[in-house]
Amino acid sequence: MDKIRVHGGHHLSGSIKVSGSKNSSLPILAATLLTREPCVVHGVPDLSDTHYMLQILMHLGAQVERASGTVSVAAEKVHSVAPYDIVRKMRASVCVLGPSLGRCKEATVALPGGCVIGDRPIDLHLKGFEALGAAVRVEGGDIKVFAPKLKGAVINMQGKFGPTVLGTDNIMMAAVLADGVTVIEGPAQEPEVVDLATFLNEMGAKIEGAGTRRIVIEGVPALHGAEHWVIPDRIEAGTFLVAGAMAGEGVTVKRV
């Protein structure tokens, strides 16, 4: 899309329902790789990024069904290599590293693309994996991480640009199946991180402190399937609320 043309001069009225959060949906869908049992995720928005994530899950071996915002994933047998031709379309595809490492003890993912808002390195993701005992290599445009066994550790997620949401997500997903206790100091505190932690706990993980400055994860032997409703998208909600305040004659925003 080269441009958006808006014909103004009309007041806004009526009601609208906020979609599920894209930034929650992507790591939650990735987290379904952590279990052999089926998972059901409701409220997944119909966007190109979520389509790409489902393509990645299917390429990794998962069985995926989608209907009216509900996605069912059965990842009974999966492998751990995500190729460039899919990953390049979306930066958030890097979040399959954590669950692939946690479940398969190895992962190979092409360096992520799809981000047009500047350079956002993933060094904190890799630092966290190394702290858990993984070896990390970057070869030929691929990130390769592997570890015979992951062990709990204390990980500081504060970086040059502040904490990272996807980095926090990735470390949480890798740590839930690690031996011992993992402590993430200075994690991202966004609601989407809390939503992922809620889903992981529904799968049988033991995570405390999501949304605060310290997350504690007690590793468990395995996770089970779960059903989850994704939180509403706060960016979409804020956009409609501001539009209603500025140009509305009576606007109702539902599911905020």
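A short reminder: the numbers here are calculations on the coordinates, not readings from a lab. Since the structure is predicted, the reported quantities are computational estimates derived from the model, not experimental observations. Here the Cβ is made from the backbone with ideal geometry for all residues, glycine too, and neighbour counts use every protein chain on show.
Numbers below:
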read-out	value
Computed label-point distance, nm, for sites Val6 and Arg66 using a 7 Å Cα→Cβ extension	2.8
Identified option (computed Cα extents along the principal axes in Å; candidates (i) 64, 41, 32; (ii) 46, 40, 34; (iii) 62, 39, 36)	(iii)
Residue order, fewest to most beta carbons within 10 Å, for Thr32, Thr252, Thr198	Thr252, Thr198, Thr32
Among Ile171, Val253, Ala205 - extreme Cα towards positive end, dipole of the chain, charges at beta-carbon	Ile171
Whether the range 175-238 is rounded, prolate or oblate, judged on the alpha carbon gyration tensor where a/c under 1.5 counts as rounded	oblate
Fewest-first ranking of Ile207, Ile184, using other Cβ atoms within 10 Å as the exposure measure	Ile207, Ile184
Loop trypsin sites (Lys or Arg not before Pro), the range 66-163 (other Cβ atoms within 10 Å of the site Cβ: 10 or fewer; DSSP)	Lys77, Lys149, Lys160
The chain: antiparallel DSSP beta bridges as a percent of all, rounded to 5	65
Charged-residue dipole, Cβ positions (Lys, Arg, Asp, Glu), the chain about Cα centre, Debye nearest 20	220
Sites matching trypsin sites (Lys or Arg not before Pro) across the range 1-38 that sit in DSSP coil, with at most 15 neighbouring C-beta atoms within 10 Å	Lys3, Arg5, Arg36
Over the range 17-223, relative contact order from alpha-carbon pairs under 8 Å, at least 6 apart, %	17
Computed [θ] at 222 nm, helices only, for the chain once each DSSP H run of length n ≥ 4 contributes -39500 (n - 2.57)	-9000 deg cm²/dmol
Which of Tyr52, Tyr84 has the fewest Cβ neighbours within 10 Å, and the rest in rising order	Tyr84, Tyr52
